[in-house]
Amino acid sequence: MNSNRKAGILLHITSLPSEYGIGDLGSNAYKFVDFLESAGQKLWQILPISPTGYGDSPYSCFSAFAGNHLFISPEMLYNDGLLEQNDLTEIPEISKTKTEYNKVKEYKNKLFIKAFKNFTSNKNKLKNSFDSFCNENSYWLDDYAYYMSLKDYHNQDEWSKWEEGLAKRDFGVLKIWSDKLGDEIYFHKFLQFLFTHQWCKLKKYANIKDIKIVGDVSIFVAYDSSDLWGNKELFTIDENGKAISVAGVPPDYFSPTGQLWGNPLYKWKEMEKDEFNWWVKRVRHQLKYIDILRIDHFRGFDAYWEIPGGAPTAEKGRWVKGPGKKLFNALKKQLGDLPIIAEDLGVITKSVNDLRDKFNFPGMNILQFAFGTGMENKFLPHNFNKNSVVYTGTHDNDTTRGYFEKEKNKNNDIYKHTQDYLNFFGDDLTFELIRTAYSSAADIVIIPMQDVLNLGSEARMNFPGTLGGNWVWRFTWDQIDEELSSKYKRITELYERPPQSRSDVEIKVEE
């Protein structure tokens, strides 16, 4: 990926302010773009934007193609004539600083049903656009809308618990249920249209202001997804829907039993037969919505940890060769140069680095992993490659302030090493680390919004391996002022993110 020096902020859509209980694609998203512009930022990184399943994790979704309908803005529905003004006034008592998913789902679903009734009963200006959207996206939308309608009918059970004819997609059974759930299928297509309609407007606004959207793409898909239900031949499941093998990572210092993710693996040999057409469709689709893809668990394309289906932990797995350059050559053949950031964390071998470098994908540096005995020296700023992205931390880390407040009181040398490296001996290391990231040779720096606001552990986004209490943090506008914008505008200029244009020097040379 070709790049020059630039800076950005990591903030998921859910974390935006909103009176409707969850960040959405309404006026607050546009206001955040304005903040990014005023702060000299060129990138807005988000987490996956697909509809979330159990645990509300954006890394476990019902589709790799669909958008999260909870991001649909009620105020934008009003602007499009799909809701009345009084529909927006009956908001339940709901937190302004955390996302209460159950309350949000119940409240917004009522609004969506009202909008759908208005859409179907009146001649709406969006009708022609809706028809075009359905035709252009039928390759994923038909299965997704059908799948979600069936889940609604079956009290959200996953596909393997449905009647055999539905689980195995018997043509005759599918036809019967399609007729039975016609209105529900239409409703889910309508929600996807609304998401795309609002998303593309926001993306256009950001791009006009020279701000690119960095999106996150999970390498694997969920078992409970329309992707797997509609394409079983591409995944490691048997004829009864049972997983033969699943994804995860082996035991390490942080997890003695490894991490058992549970996603069925791809049958890469099967995918190779049609030049990875499913992946080509997926990446092409994602690039309609985002400008740069950060691919999660990039090392899995070189080799992945295969765990037997039904295993209680990730301990008894094995490394299996992935598709490697064959996949990315196929993607490049169909899509041209690939604007990809490789999440190259974890067990990284020379072959992973070679795969990343062959396609000129920038890798990642995490400053929280850099300091102290036994930590990874490659993450120290003086070791950064130019073609890389530096973060203070990611969604899986504690906030920088929270991390160092804890390390300060531990019996290790992490805090002391950090102080010595930065030559900073005050109590708050957050901005000094951010300044160090900005000053580094890495082309791209992206800072989580929690660190921009210098928040503690209460603002942490995710505790890996846990359920409940994750993905809920939201900021409020009273945490941002002109001084903060000016502060970040200044360091982007100070460290030339982006470089300032200069006139070439010309001299007169005599023959």
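The values are calculated or read from the model by the stated rules, or taken from the named source; none is laboratory data. Treat the numbers as computed from the prediction; the structure is a model and nothing was measured. All Cβ positions, glycine included, derive from the backbone under ideal geometry; neighbour counts span all protein chains shown.
A few notes on this one:
- Evaluation of Phe361 against the conditions (1) more than 14 Å from Ile444 (Cβ to Cβ); (2) touching a strand residue (DSSP E or B) at 6+ places or on another chain (Cβ under 8 Å); (3) part of a loop (DSSP other than H, G, I, E, B) shows that the sole unmet condition is (1).
- Qualifying positions in the stretch 249-278 - outside any helix (DSSP H, G or I) and among the hydrophobic types (A, V, I, L, M, F, W, C): Val249, Phe254, Leu260, Trp261, Leu265, Phe276
- Within the stretch 147-228, helices (runs of 4 or more DSSP H) holding 3 or more residues that are among the aliphatic types (A, V, I, L, M) and more than 30 Å from Leu327 (Cα to Cα): 171-180, 182-208
- Within the stretch 369-408, being more than 18 Å from Val445 (Cα to Cα) and touching a strand residue (DSSP E or B) at 6+ places or on another chain (Cβ under 9 Å) holds for one residue alone: Glu376.
- Selection of the stretch 41-66 for residues being of a type in the set (Val, Ile, Thr) and assigned to a loop (DSSP other than H, G, I, E, B) yields Ile46, Ile49.
- Residue that is out of contact with any Ser or Thr (no Cβ under 7 Å at 6 or more places or on another chain) and either modelled with pLDDT of 95 or more or outside any loop (DSSP other than H, G, I, E, B) (or both), where the choices are Asp398, Asp344: Asp344
- Here Glu233, Glu270, Glu275 are screened, and the one residue that is touching a residue at least 12 places away in the same chain (Cβ under 8 Å), on the phi > 0 side of the Ramachandran plot and surrounded by fewer than 20 Cβ atoms within 10 Å (Cβ to Cβ) is Glu275.
- Yes/no for Arg294 being modelled with pLDDT of 95 or more, of a type in the set (Lys, Arg) and in a helix (DSSP H, G or I): no
- All positions within the stretch 428-461 that are in contact with a Ser or Thr (Cβ under 8 Å, 6 or more places away or on another chain) and either part of a loop (DSSP other than H, G, I, E, B) or charged (D, E, K, R) (or both): Leu429, Ala442, Asp443, Asp451, Asn454, Leu455, Gly456, Arg460, Met461
- Any pair with Cβ under 9 angstrom, 6 or more apart, that starts in the stretch 176-192 at a residue that is farther than 17 Å from Ser63 by Cα and among the acidic types (Asp, Glu) and ends at one that is surrounded by fewer than 14 Cβ atoms within 10 Å (Cβ to Cβ) and at pLDDT 95 or above: Glu184/Asp152
- All of Gly469, Gly465 fail the test of being assigned to a loop (DSSP other than H, G, I, E, B), modelled with pLDDT of 85 or more, out of contact with any helix residue (DSSP H, G or I) (no Cβ under 8 Å at 6 or more places or on another chain) and under 30 Å from Tyr101 (Cα atoms), apart from Gly469.
- Flag for Asn470 being in contact (Cβ under 8 Å) with a residue 12 or more places away in the chain, surrounded by fewer than 16 Cβ atoms within 10 Å (Cβ to Cβ) and farther than 19 Å from Asn365 by Cβ: no
- In the set His12, His69, only one residue is within 24 Å of Val389 (Cα to Cα), in contact (Cβ under 8 Å) with a residue 60 or more places away in the chain and not polar (S, T, N, Q); that residue is His12.
- Elements of type helices (runs of 4 or more DSSP H) in the stretch 73-145, at least 2 residues being loosely packed, with under 12 Cβ neighbours inside 10 Å: 101-121, 127-136
- All positions within the stretch 206-250 that are basic (Lys, Arg) and under 19 Å from the mean Cα position of the chain (by Cα): Lys212
- Of all the criteria given as (1) more than 30 Å from Leu11 (Cβ to Cβ); (2) surrounded by fewer than 21 Cβ atoms within 10 Å (Cβ to Cβ), the one not satisfied by Lys288 is (1).
- Taking the criterion of being outside any helix (DSSP H, G or I) and buried (at least 17 other Cβ atoms within 10 Å of the Cβ), the residues of the stretch 322-341 that qualify are Gly322, Pro323, Gly324, Leu338, Pro339, Ile340, Ile341.
- When we screen Gly374, Gly426, Gly393 for residues that are small (Gly, Ala, Ser) and either in contact with a Gly (Cβ under 6 Å, 6 or more places away or on another chain) or crowded, with 22+ Cβ neighbours inside 10 Å (or both), the only hit is Gly393.
- Unique match (being β-branched (Val, Ile, Thr), closer than 30 Å to Gly40 by Cα and touching a strand residue (DSSP E or B) at 6+ places or on another chain (Cβ under 8 Å)) among Val214, Val246, Val221: Val214
- Counted residues, the stretch 21-40 - those being surrounded by fewer than 24 Cβ atoms within 10 Å (Cβ to Cβ) and part of a helix (DSSP H, G or I): 10
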